[in-house]
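Beneath this line is the structure, given in structure tokens, with notes to follow.
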Protein chains: 2
Amino acid sequence: MERLYKVSEVARMLNVSTVAVRKWIRSGKLRAKRIGKLWMIPESELKRFLGEKPGEIRAVIYARVSSHKQKKDGNLDRQIERLRSYCSAKGYKVVDVVTDVASGLKEDRNGLQKLFDIVEKRQADVVVVEFKDRLTRFGFDYLKRYFESHGVKVEVVEEAEKGCMEELVEDFASIVVSCAARIYGKRSQKYKKVVEVVEQAVKDP
Amino acid sequence: MERLYKVSEVARMLNVSTVAVRKWIRSGKLRAKRIGKLWMIPESELKRFLGEKPGEIRAVIYARVSSHKQKKDGNLDRQIERLRSYCSAKGYKVVDVVTDVASGLKEDRNGLQKLFDIVEKRQADVVVVEFKDRLTRFGFDYLKRYFESHGVKVEVVEEAEKGCMEELVEDFASIVVSCAARIYGKRSQKYKKVVEVVEQAVKDP
């Protein structure tokens, strides 16, 4: 059955007031069904209103680099370009590009939060990322299931287990530091030894 | 506004066929609104039908230990008991207890998948866990946001950053092994050195 949206839901999705939505309904611009005392807007009508062709796949691109240096070097832009080409080849309509300059270990990245909002408002049908680690270092399956529960798919362009090796090394070092600190305490000999060995290994890989 | 459920949604939530739901509606056991050609069931009516008092908070307990040895030692049962006491003190109605015997690094645990189903079907209002790491080693914030997007809260009984230290040590070792293998390759000297040092540190903490 087709999904029906409340006036308040439509208002939130379009980022307008409920008064504006009711005005559109009254003027006939947006067709709604009267259900008891309520107006409900069918999904197909909402899409028509937004000028989307039925069957068109709306993609949101998510790209991430871990440092401002990488961004300055143009890595972020090139990542976005590759993702745009991919979407264009697949016939997707790119409705948004969301970016972050932060570690994939950081769970409260600004861009990622914005992506969550887009997913929950169903403003896209698919999230496109280059590698799994662009979306997150850990918890990829959690995000996949979360997005799918809102009808949004995740598409990973390069499924092979790679990604930015330099960044994996950095993330590895920061995991070692934070885990070892919790386990042994920062003042212990053991902590110093573990961190030292890993830092040494990381320095000249 | 009150949420309305489709017949198919109610059928999925109660794990019965749509035919059964329509039978209840026809017989007057379940009150539904006629909306166009559809029957929609208001949330309050669904709650009444299920015999839930309005305002009652439904809790699902999630408990986890990492090994069968721990389970045999009664650690899982004690964890559940503590969570039951907590729910009872808070006046929550425990509607389900979901458990796993697996690492918190494993994202596709059976119990966790079941918990996701419960959350998506809104069969509970709150998920209660003892420590953050019982739910997951990484990605807690992702799961929190995922659950909240379906109207389900996560409640952590012990907010202090602790949990099972023994397990953190194990998880730490397995992260080191998997990261180092990806970075250096399993045959490299560097891999052997890093793993050896960490295993040594882990053996006698």
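Every read-out reported here was derived from the displayed coordinates using simple, explicitly stated rules and does not represent laboratory data. These figures come from a predicted structure and were not determined experimentally. Here the Cβ is made from the backbone with ideal geometry for all residues, glycine too, and neighbour counts use every protein chain on show.
The mean sequence separation of alpha-carbon pairs under 8 Å and at least six residues apart, normalised by the residue count of the range B:1-65, gives a relative contact order of 31 percent.
Each residue of the range B:168-185 was assigned a 3J(HN,Hα) from its phi angle through the Karplus curve 6.51 cos²θ - 1.76 cosθ + 1.60 (θ = phi - 60°); the sequence is 4, 4, 4, 4, 4, 4, 6, 5, 4, 4, 6, 5, 5, 5, 5, 6, 9, x Hz, with glycine and proline shown as x. Treating r as the C-beta distance of A:E166 and B:R26 and R0 as 56 Å, the FRET efficiency rounds to 0.30. Label points for A:R12 are taken 7 Å from Cα along Cα→Cβ. From this copy to the others they lie 1.8 nm apart, shortest first. Counting only lysines at least 8 places from B:K186 when in the same chain, those with an alpha carbon closer than 29 Å to its own are A:K106, A:K132, A:K162, A:K190, A:K192, A:K193, A:K203, B:K106, B:K203. Here is how far apart the B:E199 label points are across copies: 2.5 nm, shortest first, using a point 7 Å from Cα toward Cβ. Each residue of the range A:39-45 is assigned a 3J(HN,Hα), and the resulting list reads 9, 10, 10, x, 4, 5, 5 Hz, derived from the Karplus form 6.51 cos²θ - 1.76 cosθ + 1.60 (θ = phi - 60°), x at Gly and Pro. For A:L38, nonlocal amide neighbours, meaning residues 5 or more places apart or on other chains whose placed amide H falls under 5 Å from its own, do not occur.
Overall dimensions of the range A:56-205, expressed as equivalent-ellipsoid semi-axes from the Cα gyration tensor (√(5λ), whole Å, largest first), are 33, 17, 12. State the Kirkwood hydrodynamic radius of the range A:1-133 in Å, one decimal place, computed from all pairs of distinct Cα atoms. The answer is 16.8 Å. Cα-based radius of gyration for the range B:107-187, normalised by 2.2 N^0.38 Å, reads 1.32. Here the gap between A:Q113 and A:V97, fully extended at 0.36 nm per residue and compared with their Cα-Cα distance, gives a gain of 4.4 nm. When restricted to Cα atoms, the range B:20-69 yields an Rg and a Dmax of 17.7, 58 Å, respectively.
Which residues make up the longest stretch of chain A that has no GluC sites (Glu not before Pro) in a DSSP loop with at most 15 other Cβ atoms within 10 Å?
Details: sites that count: A:E2, A:E52, A:E56, A:E158, A:E159, A:E161.
After excluding every exposed loop site, the longest remaining stretch is A:57-157.
A DSSP coil position with no more than 12 other Cβ atoms inside 10 Å describes none of the chymotrypsin sites (Phe, Trp or Tyr not before Pro) in the range A:1-64.
Taking amide H atoms as placed 1.01 Å from N in the peptide plane, the amide H of A:E130 lies under 5 Å from those of A:V157, each 5 or more residues away in sequence or on another chain. Based on alpha carbons, the Rg and Dmax found for the range B:66-132 are 12.6, 34 Å. A cut-off of 5 Å between modelled amide H atoms, ignoring neighbours fewer than 5 places along the same chain, links A:V98 with A:I61, A:Y62, A:A63. With contributions of -39500 (n - 2.57) from each DSSP H run of at least four residues, the per-residue ellipticity at 222 nm computed over the protein assembly as shown stands at -15500 deg cm²/dmol. Computed from Cα positions, the angle between helix A:18-27 and the longest principal axis of chain A comes to roughly 30 degrees. What separates the Cα centres of the range A:81-160 and the range A:1-57 is a distance of 26 Å. Pairs of Cα atoms in the protein assembly as shown fall into 10 Å distance bins, from 0 up to the last occupied one, in shares of 4, 18, 24, 25, 17, 8, 3, 0 percent. In this simple spin-label model, placing a label point 7 Å from the Cα along the Cα-to-Cβ direction at both B:E148 and A:L38 gives a separation of 2.4 nm.
Between copies, the label points at A:K37 (set 7 angstrom from Cα along Cα-to-Cβ) are spaced 2.9 nm, reported in nanometres from shortest to longest.
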